[in-house]
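Here's the structure we're looking at; comments come further down.
The values are calculated or read from the model by the stated rules, or taken from the named source; none is laboratory data. Just so it is clear, the model here is predicted, and its values are computed rather than measured. Don't worry about glycine lacking a Cβ; one is built from the backbone with ideal geometry, like all the others, and counts go over all protein chains shown.
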Amino acid sequence: MSDIRPLRIVSIAHPAVSSEAGRLRYPFLAAKRDVELHLVLPAIWKEFGRTIVAAPPDETEFSVHVLPILLPQAGPMNWYLHFYPALRRLLRRIDPDVIHLWEEPWSIVALQAELFRGRAGLVLEVDQNILKRLPPPFEAIRKYVLGRTDHVLSRSPDATMVVRARGYAGPVTPIGYGVDIETFTSGSSPAAFCSNALRIGYVGRLIEEKGLDEALDAMALSGAPVSLAIMGEGPYEAKLRERAAALGLGERVTFRGWGQPADVADFIRRCDALVLLTRTTNAVREQFGRVIIEAQACGVPVIGSSCGAIPDVVGDGGWIVPERDAKALRELLDKIAGNAALIRAKGLAARENVRARFTYEAVATALLTACKAAADAKLSLSA
């Protein structure tokens with residue numbers, strides 16, 4: 001076995017600019033037997049009004065290539081115009097067996113990878129779950145890239161439907177996000193269930209599409225003593241404060257800004273349940289809901305809407321209510337308030353859901369499965 005060359009993988013991933021989330025999957029992939037891993041990420045990334053500077057690479061198990069990008073934020077598709085001027089030279093030097101792209105197939109980076117791939121197999125990891133025609137040149141890029149992709153890693157059945165509808169006919173492997181179970185853990189004490197009071201929480205952007213209006217309306221309708229703690233920032237905060245006050249909930253709703261991952265985990269552990277009530281619009285359908293698995297890893301069950309991937313990700317570790325249905329949410333809150341045994345049982349199921357599906361080890365296994373299949377497919381074609 002020592003004479004067998006390791007599978008040489010180049011992963012190009014703008015989410016890996018952050019060492020707190022997007023990069024945490026890679027040590028698990030690099031630790032797989034017979035893998036030589038190279039990670040390519042942008043030196044600077046702009047997203048949701050923030051500018052993120054790549055954390056200095058301190059990994060020893062694999063190589064991290066921090067490269068400058070051009071057009072980091074431009075045009076109707078925002079960051080999908082960015083590209084790496086030095087990518088062709090780097091790929092020639094590394095000579096990978098497989099290129100893994102944590103990018104959408106219409107991105108300029110995906111086009112770069114296809115044009116410069118050489119003998120490498122191409123694996124795409126996709127999130128987009130709304131089928132719509134893209135403006136030029138993105139639709140043409142998507143068709144070109146998908147027609148030449150060897151394997152797709154899909155975040156949800158809806159994401160698979162989108163690539164199939166746009167011409168991809170090859171194999172698909174499901175892949176979730178991973179959660180840092182050392183940070184997001186239940187700790188030494190159970191969730192903050194106390195008497196008949198029910199403390200629900202929300203972590204995320206404060207925008208209308210996240211459905212927090214339903215949470216407030218349900219609280220106002222409910223006869224149970226329910227409080228809501230909100231962690232996050234966004235343009236909808238002022239309207240949420242106004243609505244809470246108008247409904248007489250001012251003392252039962254609290255707001256705080258963003259925190260570090262450890263702060264988020266501590267915030268979640270103080271809740272009996274987390275809510276993610278995203279509403280489907282022409283532009284929004286929940287692609288995954290990473291906060292779901294962060295809460296579940298802490299042993300906190302999730303109340304989710306029926307939007308997009310939420311029901312599949314929640315699994316048995318929580319409850320699902322219809323979108324935009326404050327009455328159904330109120331009925332659920334009345335049911336679980338005061339039911340400590342039900343909340344604890346759902347919390348245990350939530351932790352098991354993460355252990356079985358959403359650890360970084362599970363993500364790395366899905367990645368390696370797809371990369372090996374893509375490399376084997378290229379070898380069989382050249383034989």
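Values as computed for the structure displayed
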read-out	value
Filter pass, Val64 being surrounded by 15 or more Cβ atoms within 10 Å (Cβ to Cβ) and under 30 Å from Leu381 (Cβ atoms)	no
Positions within segment 6-21 being within 18 Å of Trp45 (Cα to Cα) and surrounded by fewer than 20 Cβ atoms within 10 Å (Cβ to Cβ), in sequence order	Pro15, Ser18, Ser19, Glu20, Ala21
Flag for Arg243 being part of a loop (DSSP other than H, G, I, E, B), surrounded by fewer than 20 Cβ atoms within 10 Å (Cβ to Cβ), touching a residue at least 24 places away in the same chain (Cβ under 8 Å) and among the charged types (D, E, K, R)	no
Filter result (of a type in the set (A, V, I, L, M), closer than 11 Å to Gly315 by Cβ and more than 20 Å from the chain's Cα centre (by Cα)) within segment 344-369	Ala349
Count of segment 1-51 residues which are in contact with a helix residue (DSSP H, G or I) (Cβ under 9 Å, 6 or more places away or on another chain) and of a type in the set (Asp, Glu)	3
Single residue of segment 7-24 satisfying the filter (of a type outside the set (A, V, I, L, M) and modelled with pLDDT of 95 or more) that is nearest to Ala375 (Cα to Cα)	Arg8
Candidates Ala215, Ala220 - the one that is in contact (Cβ under 8 Å) with a residue 60 or more places away in the chain, in a helix (DSSP H, G or I), among the aliphatic types (A, V, I, L, M) and outside the structural domain of Glu103 (by TED's automatic domain parsing)	Ala215
Scope segment 171-183; condition in contact (Cβ under 8 Å) with a residue 24 or more places away in the chain and assigned to a loop (DSSP other than H, G, I, E, B); matching residues	Pro171, Ile175, Gly176, Tyr177, Gly178, Val179, Asp180, Ile181, Thr183
Candidates Arg351, Arg355 - the one that is under 27 Å from Ser11 (Cα atoms), at pLDDT 95 or above and of a type in the set (D, E, K, R)	Arg355
Count - residues of segment 225-239 that are surrounded by 15 or more Cβ atoms within 10 Å (Cβ to Cβ), farther than 17 Å from Leu274 by Cβ and of a type in the set (A, V, I, L, M)	0
Looking only at segment 25-45, and only at residues there that are in contact with a His (Cβ under 9 Å, 6 or more places away or on another chain) and farther than 18 Å from Cys371 by Cα, the one that is surrounded by the most Cβ atoms within 10 Å (Cβ to Cβ)	Leu41
Matching residues in segment 12-44 - criterion: being among the polar types (S, T, N, Q) and in contact with a strand residue (DSSP E or B) (Cβ under 9 Å, 6 or more places away or on another chain)	Ser18
Residue in segment 150-159 that is more than 23 Å from Leu24 (Cα to Cα), out of contact with any Phe, Trp or Tyr (no Cβ under 7 Å at 6 or more places or on another chain) and surrounded by fewer than 16 Cβ atoms within 10 Å (Cβ to Cβ) present	yes
Residues satisfying the stated conditions in segment 129-161, i.e. part of a loop (DSSP other than H, G, I, E, B) and closer than 23 Å to Leu70 by Cα	Leu134, Pro135, Pro136, Pro137
Test: residue in segment 187-208 that is assigned to a helix (DSSP H, G or I), outside the structural domain of Glu47 (by TED's automatic domain parsing) and under 27 Å from Val354 (Cα atoms)	no
Residue, farthest from Pro225 (Cα to Cα), within segment 332-350, restricted to residues that are of a type in the set (Lys, Arg) and surrounded by fewer than 20 Cβ atoms within 10 Å (Cβ to Cβ)	Arg344
Boolean, Ala366 is farther than 24 Å from Met161 by Cα and part of a helix (DSSP H, G or I)	no
